[in-house]
Amino acid sequence: MNNIQIFSSYTDNNKQRVKKMLGVCYYPEHWPESMWAQDAKEMRELGLRYVRIGEFAWSRIEFSDGVYSFEWLDRAIETLAAAGLEVIMCTPTATPPKWLIDKYPDILPVDINTGVTRAFGSRRHYDFSSKNFFREAMRISEVLAKRYGEHPAICGWQTDNEIACHDSTHSGSVAAKEAFREWCKSRYQTIEKLNTDWGTVFWSMEYENFEQIDLPILTLTEAQPAHQLAYRRFSSDQVLAFHNKMIEIIRQHAPNRFVTHNFIPMMDTQVDNYALAENLDFVSYDNYPLGRSDLFFANRPAEEFKPYMRTGHPDYASYDFDQSRGISKKNFWIMEQQPGPVNWAHHNPRPEKGMVRLWSWQAFAHGADCVCYFRWRQAPFAQEQMHAGVKRNDNSKGAAWAEIEQMRDELKTVAFSADAPVQAKVAIISGTTNQWVSEIERQADSYSHHETEFSYYSAIRQLGLVVDFISMDSDFSQYDLILAPCLPIVNDAFIEKCKNAKAHFVFGPRSGGKTDELSLAPNLPPGKLQALVPIQIISTETIRPDCSETLIYKGKTFESRCWREEIQINENVNISALYHDENPAIVRHGNTSYIATLTCDNFLIELFDDLANEMGITTIRLPKDMRMVHRGDMTYVFNYAGHAQTFPIENVGSFLLGQANMAPYDVAIIKLNS
Ligand code: GAL
């Protein structure tokens, strides 16, 4: 290891991280060793500094039980380090090898929709409740952490890989059932309390003891909602226990190295994301704007979808960036970013020329410190052979190469104020428990927690504002406008904080309507929120999304769609908007507004614009498909449109990159006048 240079750019003591770097995901085990040195040299030439390795290499590290092979990995790390690269090492637990599964078949999870055991042959085939897997996963993590924890070329660690991906949070196994019973005992203490909290008298579901409790899966019709919520809470806790133990082991053996995890979109983890992020140094996010947009917007009509087919929706990537920053209240990394078509969405278009650069800059603008591309070279074999790499499988340069070169050069010339925070005056309150409630009890096929949240987010972004995602427990003091698109369960501490905050609060429909055990609020929805806005929801109806009705605001007509609550107002409540039948649809009391319906983007933009201005926040109606972000003393502008557009604010500062007349898919960076 003599020729390894020490690059440790991160230490836990002074938190000195190099800002704005690029990196790549690399699989030395997929390529002949004779290629490694040239790969490493080219990575450096391309301006990459970080290389993530090892997350799927268990079978190469431990080919059979207790038979380890580290020499190849030692040499791979040395080769990368010799070229001046810093290595991010991963625990390989997302891919338990065949010998391990054969030894402990209970590792395989059970599909909750069929009751069938999921098979070996892909990845993430493990059950968070399997005690055998827990022990084995921690063992291999410790083996690696002991060997490489203080390796000078390794600057940080990634735990597992996309921990909840492929619907792997839940399992219907016997181990899960037994662990769930223990979890219930600890939460409810007595079976009487559980029966009361869940309302099991309904449909004769009462239990005599905890040993009778099964998982709420495979029931003939819908399972008891409180039972489902408990199971989701339990499953999330299982993941947290697994993840936290792994972090503890790494930290024990890898002092002064960062520990991160690569998240999938927060809406897909089925885990309490704030808790999952809590013990990490920072959050990483895997950015696949086209693949994810294809899934997220699958139901949108072609005329809405097609303009963004090769760019992603202008708010989609940043929606995930802002959540990544929000759950940890820190800057984040992009650990993977698509450099071309992926292989796993319904359809897999190529990015428009310029988008790999645009997404990279956009991540930096929203608080990323590093952007890593996935993967270095397209694999000629196995599941992802149709997934682009930075290089093609014949080792030629892929379509993104030139854009990454451009990033390398631009990062050198654009000066940054290191560590500049993203300073938002607007926040969105988001949380997994509330997501679960609206998934468990949809009440309308067309109700989507995420689409509702996304519509609020997108409206704010179209007003040129920066958004923080926060939890109900966060400090509200920096915000002037706080939006809660869907918050069915709230607690007393939250209500007190709202009362004392300076912000204007906007609650979306179904907010406050449920108790902590998913029953109706005893004083009618919006339950505890009545302390902020004295109204009662006396009935709720849902209607087909293609049967929208009118919503009247300031004499203008907008849409009320899908979800409609009937409001009974008490004294001192102002009516802000009306339904078609002149009943109140949006009401306001002091610094709280309540929106009792789902609505259209145009309405949300109009309402939020008015509220922002009232709260002293300056908004700007950006041209369609143009977005901007302030970070530190810079403003970043992105043109998602396939035509040139002009940034509408004049004399705001000097352009460090680009210009006011922006080409299609272009980026401009402006240093603000002081
Ligand atoms: C990510 C995953 C990678 C790779 C990639 C393909 O979700 O972490 O291992 O599968 O998707 O796009």
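At 0.36 nm per residue, and after removing the present C-alpha to C-alpha distance, how many nm does the segment from GLU248 to ALA531 gain when stretched out fully?
Details: separation 283, 0.36 × 283 = 101.88 nm, distance 4.21 nm.
Full extension of this stretch gives 97.7 nm more.
Computed extension gain for ARG621 through LEU220, at 0.36 nm per residue and net of the alpha carbon distance, reaches 139.3 nm.
A Förster distance of 22 Å, applied to the separation of the beta-carbon atoms of ASP394 and SER122, puts the FRET efficiency at 0.25. Loop-located trypsin sites (Lys or Arg not before Pro) in the range 583-674 (DSSP state not H, G, I, E or B) with no more than 11 neighbouring Cβ atoms inside 10 Å: ARG621, LYS624.
How much of the calculated P(r) for the range 477-546 lies past 17 Å, in percent of all Cα pairs? Could you put the intermediate results ahead of the total?
Numbers: 1052 of 2415 pairs.
The calculated P(r) of the range 477-546 puts 44 percent of pairs beyond 17 Å.
Sequence-distant contacts, meaning Cα pairs under 8 Å at least 6 residues apart, place the relative contact order of the range 20-97 at 39 percent. Using the Cβ-Cβ distance between ASP601 and ARG75 with R0 set to 60 Å, the FRET efficiency from 1/(1 + (r/R0)^6) comes to roughly 0.65.
The residue among TYR207, ALA176, ILE191 whose Cα reaches farthest toward the positive pole of the charge dipole of the range 174-227, with charges on the beta-carbon of Lys, Arg, Asp and Glu, is ALA176.
Rounded to the nearest 5, what is the percent of antiparallel bridges among the DSSP beta bridges in the chain?
Numbers: 48 of 93 bridges.
Given both bridge residues lie in the chain, the antiparallel proportion sits at roughly 50 percent.
The relative contact order of the range 174-227 comes to 38 percent, based on Cα pairs under 8 Å that sit 6 or more residues apart. Using a simple spin-label model with pseudo-atoms 7 Å out from Cα toward Cβ, ALA444 and VAL201 lie 3.3 nm apart. Applied to the range 131-146, the Karplus parametrisation 6.51 cos²θ - 1.76 cosθ + 1.60 on θ = phi - 60° returns per-residue 3J(HN,Hα) values of 5, 4, 5, 3, 5, 5, 5, 6, 5, 5, 5, 5, 4, 5, 5, 5 Hz, with x for Gly and Pro. Remark: spin-label model distance GLU405-GLU384 equals 2.5 nm, labels positioned 7 Å along the Cα→Cβ axis.
Tell me, what is the FRET efficiency for LYS502 and LYS131 to the nearest 0.05, using R0 = 41 angstrom and their Cβ-Cβ distance as r?
Details: r = 49 Å, r/R0 = 1.21.
Approximately 0.25, to the nearest 0.05.
Please label the shape of the range 352-458 as rounded, prolate or oblate, based on the square roots a ≥ b ≥ c of the eigenvalues of the alpha-carbon gyration tensor (a/c under 1.5 means rounded; beyond that, a/b larger than b/c means prolate, else oblate). Taking the square roots of the gyration eigenvalues as a ≥ b ≥ c, the range 352-458 is oblate. Residues of the range 70-90 falling in the label zone of ARG147, defined by backbone nitrogen less than 19 Å from a point 7 Å along Cα to beta-carbon, are 70-82, 87-90. Taking Cβ atoms as reference points and 9 Å as the exclusive limit, the residues near THR599 contribute a net charge of -1, counting Lys and Arg as +1 and Asp and Glu as -1. Compactness of the chain was expressed as the Cα radius of gyration divided by 2.2 N^0.38 Å, which yields 0.98.
The C-alpha radius of gyration of the range 626-672, expressed as a fraction of 2.2 N^0.38 Å, stands at 1.02. Label-to-label distance for LYS306 and HIS643 is 1.5 nm, based on points extended 7 Å past Cα in the beta-carbon direction. Calculated [222 nm] ellipticity per residue, helices only, for the chain: -9000 deg cm²/dmol; basis is -39500 (n - 2.57) per DSSP H run with n ≥ 4, divided by all residues, nearest 500.
What chymotrypsin sites (Phe, Trp or Tyr not before Pro) in the range 346-402 are in a loop by DSSP, with at most 10 other Cβ atoms within 10 Å of the Cβ? The partial results should precede the final answer.
Values: sites: TRP359, TRP361, PHE364, TYR373, PHE374, TRP376, PHE381, TRP401; in loops: PHE374, TRP376, PHE381.
Counting only loop positions with at most 10 other Cβ atoms within 10 Å, the chymotrypsin sites (Phe, Trp or Tyr not before Pro) in the range 346-402 are PHE381.
The residues neighbouring CYS562, those whose beta-carbon lies less than 13 Å from its own, together hold a net charge of -2 under the Lys/Arg +1, Asp/Glu -1 convention.
No value in this document is a laboratory result; all are computed from the given coordinates. As the structure is a computational prediction, the values presented were derived from the model and not from experiment. Please note: Cβ atoms are built from the backbone with ideal geometry, for glycine as well, and neighbour counts cover all protein chains shown.
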